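Working notes, beginning with the structure itself.
Only the coordinates and a few stated rules stand behind these numbers; no lab work does. These numbers come from a predicted model, not from an experiment. Neighbour counts run over all protein chains shown; Cβ positions are idealised from the backbone, glycine included.
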Amino acid sequence: MKKARFNPKEIRQKPTPLDNYIESYIIISSSNGNSEAGKLIGFINGYAYLHPFVCSDYTSEKGPIRSLIEDTMAVNMQPHFSVAPTTKKSLENYCISKNNEET
């Protein structure tokens, strides 16, 4: 009987480069020009989970508005090709700027 060259429990799985962004605010861009932004809380089965995230909403008084939503969104990472770091303040200012453009 041949002895195993290593014990599988001793092998450490290397973290992916995107693991460095967990608990950070990011922008995920796709090849079709769409993007999603928010705080990365983890990955499950090829999906990145953002909480909170930037979302458009519609109000009867102001029409469409953008804001950081305190909910969780799953982003399919298959069609996406780039991840860029950002800050919560930057995303809040983006929402304010876009809301001012649309009024």
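In table form, for the structure just shown:
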| read-out | value |
| --- | --- |
| Region 19-60: projected area of the alpha-carbon convex hull, averaged over directions, in nm² | 4.0 nm² |
| Three-way shape label, region 34-82, alpha-carbon gyration tensor, a/c 1.5 | prolate |
| Pairwise centroid distance, computed over Cα atoms, of region 18-41 with region 59-103, Å | 11 Å |
| Simple spin-label estimate for residue 70 and residue 98 in nanometres, 7 Å along Cα-Cβ | 2.0 nm |
| Cα pair count fraction exceeding 22 Å, expressed as % - region 19-101 | 24 percent |
| Selection from 47, 75, 25, by position along the positive dipole direction of region 19-101 (Cβ) | 25 |
